[in-house]
Amino acid sequence: MRLGAIAAAAVTALTAGLIGAVGAQAAQGCEVDYKVTGQWSGGFNANVQVTNLGEPVNTWDLEWTWADGQRVTRMWNAENKSESASAKASSLGYNAALATGGSTSFGFTGSWSGANTDPTEFRLNGRLCDGSVGEPTTPPTGPVTAMEQVAAMQPGWNVGNTLDALGGETGWGNPLITEELLQTVKAEGYNSLRLPVTWDENLGPAPGYTIDPAWLDRVAQVTDMALANDLQVLLNIHHDSWMWMSAMPTDHDGVLSKYEAIWTQIAERFKDYPSELSFESINEPQFTDTEPAAGDALVHELNVAFHEIVRGSGGNNEGRLLVMPTLVTSADQPQLDALKATIDSLEDPMIAATVHMYGPWPFSVNIAGGTTYSEQVEQDITSTFERVHDTFVADDIPVIIGEWGVLGYDWTRPIVPSQQYGELLKFFEGMTFQARDKQMTLMLWDAGSYLNRDTLEWRDPLVQSYMDSGVTTRSGTASFDSIYLEKAGTIADESLTLNRNGLEFEGLWQGDTALAEGDDYTVEGDTLTLTAAALTRLAGDRAYGTNATIEARFSDGLSWRIHIITYDTPQLSDVSGAVNAFAIPTEFNGDQIATMEAKYADGTYAGPHDWTSFKEFWATYRPDYTAGSIGLTADFFNAVREGESVTLTFHFWGGGTVDYTVTKTGTTVTGTSA
């Protein structure tokens, strides 16, 4: 994985070491790019990229030594088989196969003392990387089963809101897909690209529904670029699912005819493409005014038609991996069972199932009090993965989580995400672990929120690091990522609960300085307690906001950041304003909002989603910590009764609550502090 070049030494070796094997006398070679990406007293991070210059290979080992006695302490995106000063990284299932010109990356944390000189010699599968040509030693097998191919796709990335956008490729604000974009994705360690495509705006009239040749050429061009950069491609029919396919209950023959015409043309165009291209029948199939059981039957019909068309088109389509969804890509058991019955009936070993996972909805958008990665949220995610595994993977049917993430992660908002930041990191850590544990491939839904398509930089490197690291290892966390100290209060000992996730706790650090166990903190069982003396020192002058950040280090994975924050109870002021531009002047005093409740005087719930008092973040309330205000949206007031006072209760992460009253009269709102 590319951790982001910070500085430092690079050495490139052109080698003839074997990364795998293809047959007698086949020329083998590779390029190794070694970069130290960060260094501190006693430790460093490094990234290693291996590029295959020879014939396609199926597995690899990379070995090297250091002259100065450095050691690998932890590794991600490769298996760490290091012993003392002899370093060894072995391929994992998802990055073992490398096409000619293909590359993969892994990263590690190391220790050093005295000097940190780069290694000067690498060995691939035991052969010295000296520029010579040698024979392969093991014949390749390649992905021969659906399970193996799907495993080789892990992890995957969606180029969302682009070829699936209405109004053309740039219609929803993303730039054109470029080879540089795909190279950036590959360099981050992704091994597959889900390519969502909406076809409706580029179809001719019935009955032929001819796809615009220019559009089909563009889809092929992007597919070609991805394959050339060692990314497997999953191509689908995307927003057509709700644009016109949802009418299938009332226009059965018309919808089916159009659907079959599209897949007939796609299958014909791509039938000679390599096996690294796979097809997904339809994204999130859904049907208007239809009960789930009836919807399951329609999905079955679409999947069977898709299967017959592709398999009957000849060429490489006869054995191509085909991916089939449940109704609305749901992971509910009835929908899983319906898809399992479809796959069983087809008796085809090259079929994978797909569902989508955005976590429990209240947590994913921050509504109904779903503010934390609670035991309930974690159990919901675990149970979902278990259901999917037991239905498909346990029966040798691979599963692709075709979309995952959180729904409230939107880069177009000033505040990203909707969740408290540490709770979001726990979600990413837990999701990647469950996918690895249950042998499923994750494909991140990214419509521009994670990778900035203009600068080709990851918007939040720490979030990306959790997704990177989680592919191969767990990371330790804690019950919260902050300790709030009231400005006027006396500082006392404060405790957090460690979530070790099977790892060993190795101590607390502030930058390069280790905190002293006993004087600065104690650990009893899973209870981590910071002493009053340490917190007083870390709080410094106790200015509002974050005074210091320390980190809990574990035996593997990423460190858990803990912020020391000084705060006082926020102060909200009276104000009047328009329904469509109402903002409460607020002195946050170092604190931040967790959630907002809204109730009428009789205790009933006010605003949208009147089944809960806790309103949805951003859809109803929008804190602006820089401007010092809390905005309430027109959508919130449109669901508020005229002339009735509504008590808003703002819950803050510091632990306190503040009440505020608003009353709507016509297009004007009056707000009063408690």
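The values are calculated or read from the model by the stated rules, or taken from the named source; none is laboratory data. The model shown is predicted, which means the values in this text are computed figures rather than measured ones. No Cβ is skipped: glycine too gets one built from the backbone with ideal geometry, and neighbour counts run over all protein chains shown. Calculation scope for accessible area: heavy atoms of the full protein, side chains included, ligands and nucleic acids excluded. Shrake-Rupley method; radii C 1.70, N 1.55, O 1.52, S 1.80 Å.
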Simple spin-label model, 7 Å along Cα-to-Cβ: residue 144 to residue 522 in nm? 6.1
Only one of the values [x] 1.04; [y] 1.25; [z] 1.73 was calculated from this structure for Cα Rg over 2.2 N^0.38 Å; name its label. [x]
Residues of region 532-567 with the amide nitrogen closer than 14 Å to a label point 7 Å from the Cα of residue 490, along Cα-to-Cβ, please. 532-533
Quick check: the distance between the Cα centres of region 435-466 and region 228-268, to the nearest angstrom? 26
Distance in nm between pseudo-label sites at residue 301 and residue 437 (7 Å out along the Cβ direction from Cα): 4.1
Considering only C-alpha atoms, what is the centroid distance from region 324-385 to region 549-600, in Å? 32
C-alpha center-to-center spacing [region 69-109, region 615-653] in angstrom: 49
Scan the chain and note any complete DSSP helix (H) whose C-alpha atoms cover at least 15 Å along its axis and whose Kyte-Doolittle average is -1.0 or more. 213-228, 252-270, 292-311, 333-346, 421-437
Accessible surface of residue 546 - all protein chains present, 1.4 Å probe, nearest 10 Å²: 90
By its C-alpha gyration tensor, with a ≥ b ≥ c as the square roots of the eigenvalues, how is region 139-210 shaped: rounded for a/c under 1.5, else prolate for a/b larger than b/c, else oblate? oblate
Give me the extension gain from residue 374 to residue 506: residue separation times 0.36 nm, minus the current Cα-Cα distance, reported in nm with one decimal. 45.1 nm
Sorted by accessible area (1.4 Å probe), largest first, how do 599, 258 line up? 599, 258
DSSP loop (so not H, G, I, E, B), at most 16 other Cβ within 10 Å: list which chymotrypsin sites (Phe, Trp or Tyr not before Pro) in region 393-477 pass both filters. 411
Rounded to the nearest 0.05, what FRET efficiency do residue 289 and residue 555 give with R0 = 60 Å and r taken as the Cβ-Cβ distance? Could you check? 0.65
So, R0 is 51 Å and r is the distance between the beta-carbons of residue 316 and residue 672; what FRET efficiency does that work out to, to 0.05? 0.15
What is the extension gain from residue 221 to residue 73, computed as 0.36 nm multiplied by their sequence separation minus the C-alpha to C-alpha distance, in nm to one decimal? 49.0 nm
Percent carbon-and-sulfur accessible area, region 293-352, ignoring ligands, DNA and RNA, probe 1.4 Å: 55
Region 386-502: C-alpha gyration tensor shape, a/c 1.5 cut-off, then a/b vs b/c: oblate
Using a 1.4 angstrom probe on the protein heavy atoms only, could you order 423, 347, 378 from most to least accessible area? 347, 378, 423
So if we plug the beta-carbon distance of residue 361 and residue 421 into 1/(1 + (r/R0)^6) with R0 = 22 Å, what FRET efficiency do we get, rounded to 0.05? 0.65
With each pseudo-label sitting 7 Å past Cα toward Cβ, what's the residue 537-residue 128 distance in nm, one decimal? 5.2
When ligands, DNA and RNA are left out and all protein chains stay put, how many square angstrom of accessible area per residue does the chain have with a 1.4 Å probe? 39
Using a 1.4 angstrom probe on the protein heavy atoms only, could you order 169, 83, 457 from most to least accessible area? 83, 457, 169
Here the gain from full extension of residue 382 to residue 86, 0.36 nm per residue of separation minus their alpha-carbon distance, amounts to 102.8 nm
Of the accessible area of region 415-505, computed with a 1.4 Å probe and all protein chains kept, carbon and sulfur make up a percent value of 43
